[in-house]
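Peer 1: Shown below is the structure under consideration.
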Amino acid sequence: MIIVLSPAKSLDYDTPPHIKKHTLPEFVDEAAELIGGLRALSPQQIGGMMGISDQLATLNFQRYAEWSKTFDAHNSKQAVLAFNGDVYEGFAAKLLSSADLDFAQNHVRVLSGLYGLLRPLDLLQPYRLEMGTKFANARGKDLYAFWGERITAALNEQMKKQCGARVLVNCASEEYFKSVKPKLLSAPVVSPVFEDWKGGRYKIISFHAKRARGVMARYAVQNRIDEPEGLKGFDSEGYAFDAKASNDTTYVFRRRIAE
């Protein structure tokens with residue numbers, strides 16, 4: 001079983017990693033190809049393409065200029081420790097043991113606009129390139145065209161090496177999961193959905209759902225879950241599995257907190 005997550009826009013390169021173990025991304029050559037195209041853009045073009053402020057555009061212009069195919073402790077950090085958004089606050093990798101992270105290395109993947117597919121301990125250089133960015137490249141008009149079937153093929157190859165069920169658990173956003181082609185996957189997809197009671201009904205609240213995806217990945221890692229059935233026991237932060245609202249491919253978790 002492999003759980004896929006989205007990356008985060010926020011990055012933490014200030015906190016030293018609590019482990020030294022690391023690996024290298026699989027698609028470094030592809031990332032370098034994208035960086036080559038990004039380096040041809042001005043800060044103004046980057047800002048317009050990504051819809052970000054001048055300050056952020058300049059920061060990422062500098063990041064692209066400094067990016068290198070050589071990854072080391074001076075310019076990189078393990079992906080799951082570098083990402084710092086809602087999902088990763090829920091995952092709380094900084095508090096996971098070395099053994100936990102070893103399990104995560106085999107069972108968690110991060111989809112990335114620049115790196116394609118990352119393992120938790122793959123070294124990551126600072127970047128911003130969301131999967132939905134309409135960045136024209138040699139393979140097409142956007143990053144979905146660039147990655148084509150490669151992310152799906154890599155997932156298939158990695159699932160072949162798995163113990164337990166060959167299932168892909170989709171804890172990624174719609175934007176990122178569009179880079180995966182379910183019809184070409186050699187395994188079924190299970191998608192957890194997190195709903196909160198608000199305004200007289202259950203609904204998905206983006207902030208809570210993002211965090212819950214990370215918390216679920218943490219739950220799977222700490223409990224060494226490699227069968228999707230085991231995810232139904234997830235009960236962190238007040239969520240509980242709702243069998244009536246769920247089916248074989250969608251696991252619905254709900255919580256009701258006093259408004």
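Peer 1: Of Lys69/Lys210; Lys94/Lys183; Lys21/Lys161; Lys77/Lys134; Lys77/Lys232; Lys161/Lys183, which pairs sit farther than 29 Å apart, going by alpha carbon to alpha carbon? If you can, show how the numbers build up before the last one.
Peer 2: Details: Lys69/Lys210 31 Å; Lys94/Lys183 35 Å; Lys21/Lys161 21 Å; Lys77/Lys134 27 Å; Lys77/Lys232 33 Å; Lys161/Lys183 20 Å.
Cα-Cα > 29 Å for Lys69/Lys210; Lys94/Lys183; Lys77/Lys232; rest within.
Peer 1: Count charges around Ala79 for me, please; just the other residues with Cβ under 9 Å from its Cβ, Lys/Arg as +1, Asp/Glu as -1.
Peer 2: Neighbourhood net charge equals +1.
Peer 1: Something else: Could you compute the net charge surrounding Leu117? Neighbours are other residues with a C-beta less than 11 Å from the C-beta of Leu117; K and R count +1, D and E count -1.
Peer 2: Local net charge: -1.
Peer 1: With an 8 Å cut-off on Cα pairs and a minimum separation of 6 or more residues, tell me the relative contact order of the chain in percent.
Peer 2: 24 percent
Peer 1: Same structure, new question: Compute from the Cα atoms of the chain the Rg and the Dmax, the latter being the longest Cα-Cα distance, and quote both in angstrom.
Peer 2: Spelled out, the Cα radius of gyration and Dmax of the chain are 18.3, 53 Å.
Peer 1: Which net charge results for the neighbourhood of Gln162, defined as the other residues with beta-carbon distances under 12 angstrom from its beta-carbon, given Lys and Arg at +1 and Asp and Glu at -1?
Peer 2: +1
Peer 1: Nothing charged except the Cβ atoms of Lys and Arg (+1) and of Asp and Glu (-1): what's the magnitude of the dipole of the chain about its Cα centre? Round to the nearest 20 debye.
Peer 2: Dipole of the chain, to the nearest 20 debye: 340 debye.
Peer 1: Calculate the dipole size of segment 17-137 relative to its Cα centre from +1 charges on Lys and Arg beta carbons and -1 charges on Asp and Glu beta carbons; express the result in debye to the nearest 20.
Peer 2: The calculated dipole for segment 17-137 is roughly 120 debye.
Peer 1: Another one. With unit charges on the beta carbon (Lys/Arg positive, Asp/Glu negative), name the residue among Phe83, Val108, Leu123 whose Cα is farthest towards the positive pole of the charge dipole of the chain.
Peer 2: So the residue furthest toward the plus end is Val108.
Peer 1: Next up: Sort Val193, Val110 from largest to smallest accessible area, using a 1.4 Å probe on the heavy atoms of the protein chains.
Peer 2: These residues rank, largest area first, as Val193, Val110.
Peer 1: Leaving out ligands, DNA and RNA, what percent of the accessible area of the chain is carbon and sulfur, probe 1.4 Å?
Peer 2: On the chain, the fraction of accessible area on carbon and sulfur atoms equals 50 percent.
Peer 1: Now for a separate question. In segment 2-255, if the dipole is taken from +1 on Lys/Arg beta carbons and -1 on Asp/Glu beta carbons about the Cα centre, which of Trp67, Ala8, Ile35 is farthest to the positive end?
Peer 2: Ala8
Peer 1: Let me ask another. Run the helix sum for the chain: -39,500 (n - 2.57) per DSSP H stretch of 4+ residues, divided by residue count, reported at 222 nm to the nearest 500 deg cm²/dmol.
Peer 2: Values: 10 runs with 89 residues, N = 259.
Result for the chain, helices only: -9500 deg cm²/dmol.
Peer 1: So what is the accessible area of segment 2-255 per residue, in Å², with the probe set to 1.4 Å? The partial results should precede the final answer.
Peer 2: Values: 11670 Å² over 254 residues.
Averaged over the residues of segment 2-255, the accessible area is 46 Å².
Peer 1: Something else: Take segment 46-187, drop everything but the C-alpha atoms, weight them equally and run the Debye formula without solvent; then report log10 I(q)/I(0) at 0.09, 0.10, 0.17 Å⁻¹ to two decimals.
Peer 2: -0.31, -0.38, -1.12
Peer 1: Per the Debye formula with a single identical scatterer at each Cα and no solvent contribution, what log10 I(q)/I(0) holds for segment 114-244 at q = 0.10, 0.18, 0.20 Å⁻¹?
Peer 2: -0.40, -1.18, -1.34
Peer 1: Let me ask something else. Quick one: check the C-alpha center-to-center distance for segment 125-184 versus segment 50-82, whole angstrom.
Peer 2: One Cα centre to the other: 21 Å.
The values are calculated or read from the model by the stated rules, or taken from the named source; none is laboratory data. As the structure is a computational prediction, the values presented were derived from the model and not from experiment. Positions of Cβ are backbone-derived with ideal geometry, glycine not excepted, and every protein chain shown enters the neighbour counts. Note: areas computed on protein heavy atoms with side chains; ligands, DNA, RNA excluded. Shrake-Rupley method; radii C 1.70, N 1.55, O 1.52, S 1.80 Å.
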